[in-house]
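Worksheet: one structure, shown below.
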Amino acid sequence: MRRTIFLVAPSPILNARLPGIRRSIEHIAIDIAESPDVFKIFEALAHFPRLRTIIIIIPSDAVEEDKVPLWQQRIRQDEDVLRRISALVDAPSCDGEWHQNTYMGWLLCNYLDGPQVRHYYSRTGGPKIKLFIDRMTSSESEGPSTEQPWALYFY
C-alpha cells in the first residue's frame, strides 16, 4: 500500500502554512533540530484531524549545531534515510515511541494548552508518535555506534 509521508520543518506547522492540506495528512515526519518549543509543534498538530503517525526526527550528537542546515538537507536527499523514515509508519521504532506510558507521552496528554489538544493525544486511536534518531556515522563505522540523540530540556 502506497502512503505519503510529509517531511517538514516545524515552521510551516507553527505558522499555519498548511491549511489546505492539513485535513488530509495522515503521516508526517518533522525534524525538530531548530525548534524552540516542541510542545508548540504538538499543539499545532492537534489541528490535523486525520493524523495517524507523527515521526520526530532527531539528529545524533555527531551533528554540531552549526552543521544542522547541512544535516537537514542531507536527510531530505538521502534515499536510505527517507526509506527508513517511511518504514516507521508500519513498524515500531527502535529509537522509541511516545505514548501515555512514557514521560513525554504523559506530558502530551496532560500538559499541552487546551483540553481539546490534550484529548487529541490521549484518545483511543490517536496518532502514534515515533522517534527516528539519525545516526550519521553508524553505517560508515565498524562496530556499534556510540552516538547519542540530542537531549530535550524542559524549562
Query raised in the report: Given H placed 1.01 Å from N in the peptide plane, which residues other than close sequence neighbours of I129 have an amide H under 5 Å from its amide H?
Result: I54, W98
Query raised in the report: Quick one: Karplus J couplings for segment 48-58, per residue in order, coefficients 6.51, -1.76, 1.60, θ = phi - 60°, nearest Hz, x for Gly and Pro?
Result: 9, x, 9, 4, 10, 9, 10, 10, 9, 9, 10
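Among bridges DSSP assigns within the chain, what percent are antiparallel (round to 5)?
Values: 3 of 19 bridges.
The antiparallel fraction comes to roughly 15 percent.
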Query raised in the report: For segment 25-87, with the dipole built from +1 on Lys and Arg beta-carbon atoms and -1 on Asp and Glu ones, taken about the Cα centre, which of V81, P36, I25 lies farthest toward the positive end?
Result: I25
Report summary line: Candidates A46, A33, A91; GNM for the chain (alpha-carbon contacts under 10 Å) flags as most fluctuating A91
Query raised in the report: For segment 64-75, what does the Karplus curve 6.51 cos²θ - 1.76 cosθ + 1.60, with θ = phi - 60°, yield as ³J(HN,Hα) per residue in whole Hz, taken in order and with x for Gly and Pro?
Result: 7, 4, 6, 9, 4, x, 5, 4, 4, 5, 5, 5
**Report entry** A29 long-range amide H proximity, modeled H, under 5 Å
**Finding:** F6, L7, V8, I55
Query raised in the report: Pick from I133, I57, I21: which is most flexible by mean-square fluctuation in a GNM of the chain where alpha carbon atoms under 10 Å apart are linked?
Result: I21
Query raised in the report: Add -39500 (n - 2.57) for each DSSP H run of 4 or more in the chain, then divide by its residues: what number comes out at 222 nm, to the nearest 500 deg cm²/dmol?
Result: -8500 deg cm²/dmol
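What's the magnitude of the charge dipole for the chain around its Cα centre, counting Lys and Arg as +1 and Asp and Glu as -1 at the beta-carbon? Answer in Debye, nearest 20.
Working: 18 positive and 20 negative charges, 221 e Å.
My answer is approximately 1060 debye.
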Report summary line: If one builds a Gaussian network model of the chain from Cα atoms under 10 Å apart, the most fluctuating residue listed among P69, P59, P49 is P69
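A short reminder: the numbers here are calculations on the coordinates, not readings from a lab. Predicted model, so just to flag it, every value in this text is computed and none were measured. All Cβ positions, even for glycine, are placed from backbone atoms using ideal geometry, and neighbour counts span all protein chains on display.
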